[in-house]
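A.B. asks: I am attaching a structure below and will ask some questions about it afterwards.
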Amino acid sequence: MLQDLVRQHKTAQQDLLERNEQRRQAAVKSVSDVSAALLDSVNSGVAEVFMNQQDLEREVKLLQNQSDKMAKSTKNWVNLMNDMSRSLKELGHVESWASALERDMREIATTLEYVNETNRTDSSQGEQ
């Protein structure tokens, strides 16, 4: 009878250990599944952030390139405007020079006409 009780106790204890082991394995699997699900959730968020960061870096490079092109284009336009302004100033100087030359030529023509008229008057008085 005592041996039966000991055997029953050992069998009950063994059953209890097996059930506890099954429950422990089930708990470990559940924790593992939950951990994997959480990790997947976090990883997908991290992956999305990483992809967004890469997109932003590409956009920044593109914007920088476009800004550089615009700066070069603006510099070219400024140079063209300065050249045009300088040409207009030179044209103004040429116009002023031409006006001065025309005025001088009129004075010379007037002086020559006066000398010619004076010479005619002197010639006609000498003939008389």
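The values are calculated or read from the model by the stated rules, or taken from the named source; none is laboratory data. These numbers were taken from a predicted model, which means no experiment stands behind them. For neighbour counting, all protein chains shown are included, and Cβ atoms are generated from backbone atoms with ideal geometry for every residue, glycine included. In case anyone asks, the SASA skips ligands and DNA or RNA and just uses the protein heavy atoms, side chains included. Shrake-Rupley method; radii C 1.70, N 1.55, O 1.52, S 1.80 Å.
A.B. asks: Quick check: is even one residue across segment 78-91 open to solvent by 100 Å² or more (accessible area, probe 1.4 Å), of a type outside the set (Ser, Thr, Tyr) and under 28 Å from the mean Cα position of the chain (by Cα)? Talk me through it step by step, then tell me what you get.
C.D. replies: We begin by selecting, within segment 78-91, every residue open to solvent by 100 Å² or more (accessible area, probe 1.4 Å); these are 80-81, 84, 86, 88-91.
Pick out the ones that are also of a type outside the set (Ser, Thr, Tyr) and you get 80-81, 84, 86, 88-91.
In the following step, the residues that additionally are under 28 Å from the mean Cα position of the chain (by Cα) were identified as 80-81.
Within segment 78-91, one or more residues are open to solvent by 100 Å² or more (accessible area, probe 1.4 Å), of a type outside the set (Ser, Thr, Tyr) and under 28 Å from the mean Cα position of the chain (by Cα).
A.B. asks: Provide a single number: the residues in segment 109-124 that are hydrophobic (A, V, I, L, M, F, W, C) and either exposed (fewer than 10 other Cβ atoms within 10 Å of the Cβ) or within 60 Å of the chain's Cα centre (by Cα) (or both).
C.D. replies: Counting residues in segment 109-124 that are hydrophobic (A, V, I, L, M, F, W, C) and either exposed (fewer than 10 other Cβ atoms within 10 Å of the Cβ) or within 60 Å of the chain's Cα centre (by Cα) (or both) gives 0.
A.B. asks: Starting from segment 73-91, keep only residues that are part of a helix (DSSP H, G or I), then list their pairs with residues that are open to solvent by 100 Å² or more (accessible area, probe 1.4 Å) and not aromatic (Phe, Trp, Tyr) whose Cβ atoms are within a distance under 7 Å, requiring at least 6 positions of separation or different chains.
C.D. replies: Here the result reads none, with nothing in segment 73-91 linked to a residue that is open to solvent by 100 Å² or more (accessible area, probe 1.4 Å) and not aromatic (Phe, Trp, Tyr).
A.B. asks: Sort through Asp15, Asp4, Asp33, Asp40 and tell me the only one that's in a helix (DSSP H, G or I) and loosely packed, with under 10 Cβ neighbours inside 10 Å.
C.D. replies: Asp4
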